[in-house]
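Q: Can you read through this structure? Questions will come right after.
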Amino acid sequence: MKLNLKRPLAFFDLETTGTNLATDRIIEIAVIKLLPEGTEQTKRWVVNPGMPIPLETSLIHGFYDDDVKELPLFSAIGAEVAEFLNDSDLAGYNSNKFDIPMLMEEFLRADIAFDLSGRHFVDVQNIFHQMEQRTLKAAYQFYCHKDIENAHSAEADTRATMEVLFAQVEKYKDTEFIDKKGNRTIPVQNEVAALHEFTNMQRAVDFVGRMVYNEAGEEVFNFGKHKGKRVEDVFDVEPSYYAWIMNGDFSLYTKQKAKEIYQRWNQNKATRPAAQKPAPVQGGEQGVPKKQTFQKPFNKPQQQQQQRNKPQHPQGGSQQKPYRKPEEPAQPVNDDMLQQLANKFKKG
C-alpha cells in the first residue's frame, strides 16, 4: 500500500534510559522517512546518554553502559537529527505521549532549534486504541461474538465479564506470551493462581500502584521523588515522609498499607542494634544529614574577662547555673510524634 503523502512522513522510535521525560535520556534513534513518491530514507543514531543506564532498562533494549561510553552525546548529533526530520511530519507508536516529547527535551537541552508548529503527528497507538476499544462491550463482541443485552446493568455486565473470561481461557490456552524481559510463558491457564499472576503483573501493594513489590518482594515507592526506592529505606532517612502520606490526598487503602509498613519499620528500628542502624544518606533526595557545628574555644583572656562579667549571686560568689537533668537517649519516632509534627505545619 502507498500512503497519500504531501510531504515526507518520518516514522521514528527511541530507546532511552527510562520513561521520565525530565530525567531520562535518549540512547538510540531510528528513523524511516517515507517520501511522497514511495521511496524510503533510513537513519540510525546511538549516543551516550550522559547518565548510567539502569540494569532493568538494559535488559529490555540491550544497551549497557560499556556499549555507549565511547559514543558522542546527543548534543553532538542533535543538529543532524533535526536536519533529517526538518521537512517531515512525524509518526510513531505512542509517539505523542513519549517519543516526540522526549526528543524535544533533548533538542531543548542541546539548544537546537526544532519547530513543531505546522507539522502533522500520527500516533499509531491511538488509532489502535480507538478503533479496537478496550471496553467490556468490545471485549464481549470480540471474544464471545455477542452483544450485551441490558448493557450497564450490573447483572448483565457481570455475566458478560464471566463469559469473556471463559472465552479467553479457551482462546489463549496454548498461546505463548513474551514479557518485557524476553521470558516466554503460557500464562492464560485454566487455573486461578496463574490468572492472578498474569493479571497482576505490576504487583501493586495498594492496588492503585502508589507502592509496588520489587523482584525481592520488598515494597518500593512507585511515584514522586522517592520512586523506585524501598519504602523502609525512605523511612530510615526521611521518617516525616510517612506523616506526609497519612495527611495527603491518598486513598485510605494506600494509607493503611503505608501504616502497616511504617509500624513494621518502627518496630524493627527499635530492636535493631545501633551498629546496624543506617547512617543518613549524603546528598540526593533521600535526605541530607545535619551539619555538625563546632564552637570555637575561648582563649584564656576571653575566659577571664567573661568570668569577671558574670553577675554575682546576692550572697556572694558567681551565680550558679540551674541544675539540668542529663539528656535521655533519643526515642524512636512514633505515630504521636509525627502527628504533632504534621499538626504544627498544617495550614490553618
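Q: Please give the direction-averaged projected area of the C-alpha convex hull for region 1-141, in square nanometres with one decimal. Provide the component values of the computation, followed by the final result.
A: Details: hull surface 43.0 nm².
Projected over every direction and averaged, the Cα hull of region 1-141 covers 10.8 nm².
Q: What is the distance in Å between the Cα centroid of region 60-114 and that of region 222-266?
A: Each part's Cα centre sits 36 Å from the other's.
Q: Taking the Cα of ASP67, stepping 7 Å toward and past its beta carbon, and measuring to each backbone N in region 163-198: which are under 17 Å?
A: Within reach of a label on ASP67: 180-183.
Q: First obtain the Kirkwood hydrodynamic radius of region 42-108 from its Cα pairs, then insert it into the Stokes-Einstein equation at 25 °C and 0.890 mPa s, and state the resulting D in µm² per second as a whole number. Spell out each step's value before the answer.
A: Values: Rh = 13.4 Å.
Estimated via Stokes-Einstein, D reaches 183 µm²/s.
Q: Would you please put 40-46, 134-140, 233-239 in order of how densely packed they are, using the mean number of other Cβ atoms within 10 angstrom per residue and starting with the highest?
A: Values: 40-46: 13.1, 134-140: 14.9, 233-239: 19.1.
Averaged packing, sorted descending, gives the order 233-239, 134-140, 40-46.
Q: Just name one of ILE100, LEU35, THR17: the one whose Cα is farthest towards the positive end of the charge dipole of region 9-128 (beta-carbon charges, Lys/Arg +1, Asp/Glu -1).
A: ILE100
Q: So which of LYS69/LYS229; LYS97/LYS137; LYS146/LYS255 end up more than 31 Å apart, counting from Cα to Cα?
A: LYS146/LYS255
Q: All other residues with a Cβ under 11 Å from the Cβ of ASN222 taken together, and with Lys, Arg as +1 and Asp, Glu as -1, what is their net charge?
A: The answer is +2.
Q: Whose amide H sits under 5 Å from the amide H of ASP206, counting only residues 5 or more places off or on another chain, with H placed in the peptide plane?
A: Residues meeting the amide H criterion: MET211.
Q: On full extension of the chain, what length is gained from PHE121 through ASN4, given 0.36 nm per residue of separation minus the C-alpha to C-alpha distance?
A: 40.6 nm
Q: In whole Å, what three semi-axes, largest first, describe the equivalent ellipsoid of region 5-69 built from its Cα gyration tensor (square root of 5 times each eigenvalue)?
A: The answer is 29, 12, 9 Å, longest axis first.
Q: In whole Hz, with x marking every Gly and Pro, tabulate ³J(HN,Hα) for region 207-214 from phi via Karplus 6.51 cos²θ - 1.76 cosθ + 1.60, θ = phi - 60°.
A: Calculated HN-Hα couplings, in order: 6, 6, x, 5, 10, 10, 8, 7 Hz.
Q: Would you grab the residues whose amide H sits under 5 Å from the one on GLN189? Only those 5+ places off in sequence or on another chain, please, with H modelled 1.01 Å from N.
A: Excluding prolines and chain starts, which carry no amide H, the hits are LEU195.
Q: Give, rounded to the nearest 20 debye, the magnitude of the charge dipole that region 122-190 has about its Cα centre when Lys and Arg contribute +1 at Cβ and Asp and Glu contribute -1 at Cβ.
A: 260 debye
Q: Between THR42 and ASN183, what's the calculated FRET efficiency when r is the beta-carbon distance and R0 is 25 Å? Round to 0.05.
A: 0.25
Just so you know, all these numbers are worked out from the coordinates, no wet-lab data involved. All values derive from a computational prediction rather than experimental measurement. Cβ coordinates were reconstructed from backbone atoms using ideal geometry, including for glycine residues, and neighbour counts include every protein chain displayed.
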